[in-house]
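First comes the structure, then the notes that go with it.
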Amino acid sequence: MAIQLDSALGSDCPTSAIDPFSDDFLTDPYGYHEELREAGPVVWLDTYGIYAMARHAEVHAALTDWQTFCSGRGVGIEDFAKVKAWRPPSKLLEVDPPLHTRTRSVMSRILSPAAMRKLREDFQKRADALIDALLEKGRIDAVKDLAEVFPLHVFPEAVGLRAEGRENLLPFANMVFNSFGPRNALFENSVRNARPVVQWIYDQCHRHMLMPGGFGAQVWDAYDAGDIDEDEAHTLVRSMLTAGLDTTVNGLANTVYAFACHPDQWQTLRAEPSLARPAFDEVLRWEAPVQTFFRTTTRAVEVAGVTIPESAKVLLFLGAANRDRRRFENPEVFDIRRRPIGHVAFGTGIHTCVGQLVARLEADVILNAMISRVSAIEFTGEPTRKPNNTLRCLGTLPVELKAA
Ligand code: OVM
């Protein structure tokens, strides 16, 4: 007869004392990722009383099985079934089918390939002008002067936001991405003085605040068509304002960082500009802007021989999965010729990043602009980190762009 396993939380798998939300971890996560991957397919994190997965196979499988690993109880550390969410939950990120299916289809229609084709020419012009201006300067902070400037220039306009108050966008996103982690100092500091920031964001989501033709107005068109209700429309606009900016800011900063660290790879890309798309995927694999998300189990489930009980929080390390040698050869090596199919920087399954075409478009036009104009990207100082409970953020990235 089979022996009944002790069903106490975490008793069934390796335990780790690693704190994935400590400054130490967030500043340089990769050694810890390796420890977590090697500890086992499922690891119990003592500090928080949660399960974690850092290997590609298990992260991928959990993301695909939304029936078992649900999002409706929050994708942060707190279980919405037990603790009230600090903000009204997202109707895209923090819901399951059938509601998710409906809101998701509205958003994927708005953020479609056809919509991107309409934006491309304008985005490219702006990217070209920005890189020209940065070459005049020569020495720049690629976070402030490039990675923040460009998305802030093109994205709020594509959504149809008015100009005043846009300085609230990045602090709001910083707060939300910190809020997926524990109530540590990072979270507390980012929600200090949050009220006016949150108020501004919520105000912008109303129909009368949004310019005709933009992504925001198109969400309200879906309300007119009867696809979503009023509250859903408002919250979906909020989703774009939350998820659409800080992610691409860090994606672009990480792109410049990756090439500054690997001058040979920059020359490879310049010699073969058609590698721009796979190069951006390699940046995402190597340095994922969104490092982690949680899921909550809807039932007891066995994963690689470990039984995870029902109602458990499971932390999925997207960034660690992307550097799992079981899935990617020499995962620490940044190689734009690699076809990093299967990286989970955009997630996978039903919640796969719905805005990824916008992110890809932004990266593509910036890389295009740089390929023809920038012969080299050289560090002029040490980059600094800005720890966030979810995002892989650079604080400053001092580089010199050399004109071609
Ligand atoms: C949302 C939302 C917020 C943060 C991230 C995200 C990466 C979505 O409010 O829907 O996706």
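Numbers below:
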{"quantity": "Accessible heavy-atom area order of Arg192, Arg183, Arg360, highest first, probe of 1.4 Å", "calculated": "Arg192, Arg183, Arg360"}
{"quantity": "Using θ = phi - 60° and Karplus 6.51 cos²θ - 1.76 cosθ + 1.60, couplings along the range 228-234 (whole Hz; Gly, Pro as x)", "calculated": "9, 8, 4, 5, 5, 4, 4"}
{"quantity": "Sorted peptide list for 367-374, 205-212, criterion being average Cβ within 10 angstrom, highest first", "calculated": "367-374, 205-212"}
{"quantity": "Calculated diffusion of the range 293-349, Stokes-Einstein form, Kirkwood radius summed over Cα pairs, 10 °C and 1.306 mPa s, µm²/s", "calculated": "120 µm²/s"}
{"quantity": "Surface per residue (accessible, 1.4 Å probe) for the chain, Å²", "calculated": "41 Å²"}
{"quantity": "Volume in Å³ per residue [convex hull over Cα atoms, computed for the range 17-67]", "calculated": "86 Å³"}
{"quantity": "Average projection area in nm² (convex hull over Cα atoms of the range 332-404, one quarter of hull surface)", "calculated": "6.8 nm²"}
{"quantity": "Rg ratio (alpha-carbon, reference 2.2 N^0.38 Å) - the range 294-387", "calculated": "1.50"}
{"quantity": "Distance between the range 326-364 and the range 185-256 - C-alpha centres, whole angstrom", "calculated": "24 Å"}
{"quantity": "Prolate/oblate/rounded label for the range 190-255 (Cα gyration tensor, a/c 1.5)", "calculated": "oblate"}
{"quantity": "Furthest towards positive pole of dipole, Ala52, Ala279, Asn174, structure part the chain, Cβ charges", "calculated": "Ala279"}
{"quantity": "Farthest positive-ward along the chain dipole, Cα basis, beta-carbon charges - from His153, Pro41, Phe317", "calculated": "His153"}
{"quantity": "Rg over Rh [alpha-carbon atoms, Kirkwood Rh] for the range 1-156", "calculated": "1.09"}
{"quantity": "Hydrodynamic radius of the range 247-404 per Kirkwood, over alpha carbon pairs, in Å", "calculated": "16.9 Å"}
{"quantity": "Mean ellipticity per residue at 222 nm, deg cm²/dmol - from DSSP H runs of n ≥ 4 across the chain, formula -39500 (n - 2.57)", "calculated": "-14000 deg cm²/dmol"}
{"quantity": "Spherically averaged projected area of the range 211-304 from its Cα convex hull (nm²)", "calculated": "10.9 nm²"}
{"quantity": "Convex hull volume per residue for the range 68-166, taking Cα atoms only, in Å³", "calculated": "169 Å³"}
{"quantity": "Shape parameters for the chain, alpha-carbon atoms, Rg then Dmax in Å", "calculated": "21.0, 76"}
{"quantity": "Relative contact order (%) - the range 162-224, alpha-carbon pairs under 8 angstrom, separation at least six", "calculated": "32 percent"}
{"quantity": "Relative contact order [Cα under 8 Å, 6+ residues apart], the chain, whole percent", "calculated": "26 percent"}
{"quantity": "Percent of alpha-carbon pairs separated by more than 15 Å within the range 143-248", "calculated": "63 percent"}
{"quantity": "At q = 0.12, 0.25, 0.31 Å⁻¹, base-10 log of I(q)/I(0) for the range 64-117 (Debye sum, equal scatterers on each alpha carbon)", "calculated": "-0.34, -0.97, -1.18"}
{"quantity": "Peptides 376-389, 336-349 ordered by average Cβ neighbours within 10 Å, highest first", "calculated": "336-349, 376-389"}
{"quantity": "Integer Hz, Karplus 6.51/-1.76/1.60 couplings in order for the range 89-101, x for Gly and Pro", "calculated": "x, 5, 9, 10, 7, 10, 9, 10, x, x, 4, 4, 4"}
{"quantity": "Residue-wise HN-Hα coupling along the range 268-282, computed from phi with Karplus coefficients 6.51, -1.76, 1.60 (Hz; x: Gly, Pro)", "calculated": "4, 5, 5, 6, 9, x, 5, 7, 4, 5, x, 5, 5, 4, 5"}
{"quantity": "For the range 114-180, alpha-carbon Rg and Dmax in angstrom", "calculated": "13.9, 40"}
{"quantity": "Net charge contributed by nearby residues that have their C-beta within less than 10 Å of Val290 (K/R +1, D/E -1)", "calculated": "0"}
{"quantity": "Order by protection proxy (mean Cβ within 10 Å, highest first), peptides 65-71, 153-159", "calculated": "153-159, 65-71"}
{"quantity": "Convex hull volume per residue in cubic angstrom - Cα atoms of the range 254-307", "calculated": "124 Å³"}
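The values are calculated or read from the model by the stated rules, or taken from the named source; none is laboratory data. These figures come from a predicted structure and were not determined experimentally. Glycine also receives a Cβ, built like all others from the backbone with ideal geometry; neighbour counts cover every protein chain displayed. Areas reflect the complete protein model, heavy atoms only, side chains present, ligands, DNA and RNA absent. Shrake-Rupley method; radii C 1.70, N 1.55, O 1.52, S 1.80 Å.
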